[in-house]
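Rule-based calculations on the coordinates, nothing more; no lab input. Bear in mind the structure is a predicted one, so any value in this text is a computation, not a measurement. Don't worry about glycine lacking a Cβ; one is built from the backbone with ideal geometry, like all the others, and counts go over all protein chains shown.
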Amino acid sequence: MTGLLRTGLDEKAAGYLDDESPPVRAIARDAARRHGTDILGHYRTAVTDVAPTGPGSIDGLAETGAAADVALLRPLLSHPSGKIRSHTVRALRKLDGVEIDVLTPLLHDPSPAVIREATAALLPQHHRLPTALPWQLLADPRTELRRPTNRTTPTHEPNYAEPATDCFARRRPPRGYAPH
């Protein structure tokens, strides 16, 4: 990349705006600025295309966009690719576009990467999560669904956190608990 810039091929370097590597995207953005490309417009177009170019364009929008761009990313939460969904959740978190009612269902996503990103996004707002959520996650046989329970359970409320954390550690539900 830097070789392209040194030889004055800014236009070719700008072609890497959608690369998955953050340093490559940063160099490409610098080259695109010098070439006169509307970088934010490029990323907005890339994520709203019928077939998004990939996770690099989503990450690029998160790096250069603003809170107003959250609406452009939300439709990608239902994309068939887990990689696209996980990068979208990360982008929403970077743009402060985390909405509990939108991201909570992603804790049940088939992709473990999406579950990890949704957990990280919901963690700062764990006190607003439904109180039954830890038990629902613990009742599921998939490990990747049980793991977020320990992270999203508030530790400052002993009556709420201790049973879920204890249950998580023992890998079995408390006595008398029956899943819905």
Full extension between Thr64 and Lys83 adds, at 0.36 nm per residue less the Cα distance, a length in nm of 4.8 nm
To the nearest 20 debye, the range 38-128 has a Cα-centred charge dipole, built from +1 on Lys and Arg Cβ and -1 on Asp and Glu Cβ, of 220 debye
Dipole check, the range 22-148, charges on Cβ (K,R +1; D,E -1), about Cα centroid: among Leu73, Leu133, Ala121 the Cα furthest to the positive pole belongs to Ala121
Taking the range 38-128, the equivalent ellipsoid from its C-alpha gyration tensor has semi-axes in Å, biggest first, of 21, 15, 9
Hits in the range 94-113: amide N under 12 Å from the 7 Å Cα→Cβ extension of Asp140, namely 104-113
Between His108 and Leu40, Cβ-based FRET efficiency (R0 30 Å, step 0.05) works out to 0.35
Subtracting the Cα-Cα distance of Arg33 and Asp101 from 0.36 nm times their residue separation yields 20.7 nm
